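Here the structure comes first, spelled out in structure tokens, and everything after it is commentary.
The values are calculated or read from the model by the stated rules, or taken from the named source; none is laboratory data. Since this is a predicted model, take the numbers as computed values, not measurements. Here the Cβ positions follow ideal geometry from the backbone for every residue, glycine too, while neighbour counts run over all protein chains shown.
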Amino acid sequence: MAQQYDIIVSNPPFNTEDYKTDNEQRNRARFADAMPFEDFIEASDLLLSENGIFAVIIPLKQEETFLALATTLELYQLKITRLKRNPTTEIKRSLLAFIRNEKIDFPIDELIIETSRHIYTTEYIELTKDFYLKM
């Protein structure tokens, strides 16, 4: 049996548009055909411990599909956070967290990264300060 983990966090390859480059390594890192969501979720399910949390960041337009695929493996929403670059932009990304036990009520919220160029929101700073040297 594979080693299991209490938390899995990933920014999986998710691009599906046709603007690949001549750099195969770069394409593998960015495009979903290198690891389709079905395969990614299945691998994460195998590696996730019974009480673990599985978290990803994906494009908002793929959120519904990803949620449905996760549910087929009995991974259920713990939290959904929708991400905007600034207050006037559209939501582009979805941060999803899953657990093995179904929760009827789970929070859905929104996170804005910047109020203006390089002026980060308090919420974003609090979330990322342990990962960035200059936050």
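Taking LYS84, is it more than 15 Å from PRO12 (Cβ to Cβ), charged (D, E, K, R) and modelled with pLDDT of 95 or more? In short, yes. Residues in the stretch 107-135 that are assigned to a loop (DSSP other than H, G, I, E, B) and modelled with pLDDT of 95 or more: ILE113, THR121.
So which residues in the stretch 111-130 are within 25 Å of LEU78 (Cβ to Cβ) and surrounded by fewer than 12 Cβ atoms within 10 Å (Cβ to Cβ), if there are any at all? Listed by number, the residues that qualify are THR122, GLU126, ASP130. Output the residues belonging to the stretch 43-61 that are buried (at least 16 other Cβ atoms within 10 Å of the Cβ) and more than 12 Å from ASN11 (Cα to Cα). Result: SER44, ASP45, LEU48, GLY52, ILE53. For the stretch 86-106, the set of residues classified as among the hydrophobic types (A, V, I, L, M, F, W, C), under 19 Å from the mean Cα position of the chain (by Cα) and either under 16 Å from THR71 (Cβ atoms) or in a helix (DSSP H, G or I) (or both) consists of LEU96, ALA97, PHE98, ILE99, PHE106, listed by residue number. Against the criterion of being in a helix (DSSP H, G or I) and either among the aliphatic types (A, V, I, L, M) or surrounded by 16 or more Cβ atoms within 10 Å (Cβ to Cβ) (or both), ILE80 does not qualify.
Out of LYS134, LYS92, one residue alone is loosely packed, with under 15 Cβ neighbours inside 10 Å, within 18 Å of PRO12 (Cα to Cα) and among the basic types (Lys, Arg). It is LYS92.
Within the stretch 51-76, the set of residues being under 16 Å from PHE37 (Cα atoms) and part of a strand (DSSP E or B) comprises PHE54, ALA55, VAL56, ILE57, ILE58, PRO59, TYR76.
Residues in the stretch 16-56 that are within 23 Å of PHE98 (Cα to Cα), modelled with pLDDT under 95 and among the aromatic types (Phe, Trp, Tyr): PHE31, PHE37, PHE40.
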